[in-house]
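A quick write-up on the structure given underneath.
The values are calculated or read from the model by the stated rules, or taken from the named source; none is laboratory data. All values derive from a computational prediction rather than experimental measurement. Neighbour counts are summed over all protein chains in view; Cβ atoms, including those assigned to glycine, are modelled from backbone coordinates with ideal geometry. Just so you know, the surface numbers come from the protein's heavy atoms only, side chains and all, with ligands and any DNA or RNA stripped out. Shrake-Rupley method; radii C 1.70, N 1.55, O 1.52, S 1.80 Å.
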Amino acid sequence: MLATKRMPNELRAVLDEAVKILNLIKSHAMNACLFSILCNEMGAHFHQLLLHSEVRWLSRGKVLTRLCDLREEVLLFLAEIDSPLAKHMEDAKWVAMLAYLSDIFDRINKLNTSLQGKECHVFLAHDQVSAFRKKFDLWCARVERDSVEMFPTLEDVVEKTGLQLDCVQQVVIAHLKGLREQFGDYFGEETLANQWMRNPFSFPVTPRDGLTLQEEEALVELNSNMDLKQKMSEVSLAHFWLSVET
């Protein structure tokens, strides 16, 4: 939900209008059938759009990417059924903002995927989020220098339409800065405690807050165990600590 909170009004309008286009095509069987035939005739890579779902908001990245990929086919289809929504697909600036949304949602989808799975622990998740948060500053700086290579769909639209990047530059920068702030508010920016757990062999053995005498003694023994040190270099962090427990 972070990508849509406090979203600039222009981007919010584009997102809402994109959902209307998607639902117009997909929620009516005849429209969906005709659109599939049109895509087939035009040799498009995809013959269907993914239906937008408010519940699974993360799917928006894939939905918007598919809409961008099929933008020419969608425009022709909307024009043929005389839909007022066709005007949006004819507007290069609107399509560029749609392309940006597609790219940023895709980036967030990939971050979300990286935070899932059995091998993802709190330190890894913290590192992934911290790196992603720093990328917002990097991306803002690049957009300010008229570079959007980190957003390939937007870059493709700008190249093919000849649109001047400054038409969408400020709204993209505003959204990225807003996301940077929201990630900081939501996840925090402080360093995690108990960093020694990443590698107990690289930290000096000193009294640590919160550990009992027995725990400190156990840590000293672990720190001196060369077999465990070797094992840590061979397995994941989670598997290492599970083996120590057993």
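Residue-wise test of (1) modelled with pLDDT under 90; (2) farther than 24 Å from L111 by Cα.
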residue: L124; (1), (2): yes, no
residue: V129; (1), (2): yes, no
residue: V143; (1), (2): no, no
residue: P152; (1), (2): no, no
residue: D156; (1), (2): no, no
residue: T161; (1), (2): no, yes
residue: L165; (1), (2): no, yes
residue: H175; (1), (2): no, no
Report summary line: Note: among L49, L67, just one is at pLDDT below 75, within 20 Å of T153 (Cα to Cα) and aliphatic (A, V, I, L, M), namely L49
Query raised in the report: Mind checking which pairs have a first residue in region 162-183 that is more than 14 Å from Y100 (Cα to Cα) and a second that is among the acidic types (D, E), Cβ under 9 Å, 6 or more apart or different chains?
Result: K177/D137; R180/D137; F183/E189
Report task. Among what's in region 182-232 and is at pLDDT below 75 and among the hydroxyl-bearing types (S, T, Y), pick the residue that is farthest from D127 (Cα to Cα). Result -> T206
Query raised in the report: Are any of the residues in region 26-34 within 23 Å of S147 (Cα to Cα), modelled with pLDDT of 60 or more, surrounded by 14 or more Cβ atoms within 10 Å (Cβ to Cβ) and not charged (D, E, K, R)?
Result: no
Query raised in the report: Got a sec? Which helices (runs of 4 or more DSSP H) wholly within region 58-110 have at least 3 residues that are open to solvent by 30 Å² or more (accessible area, probe 1.4 Å) and without any contact (Cβ under 8 Å) to a residue 40 or more places away in the chain?
Result: 71-80
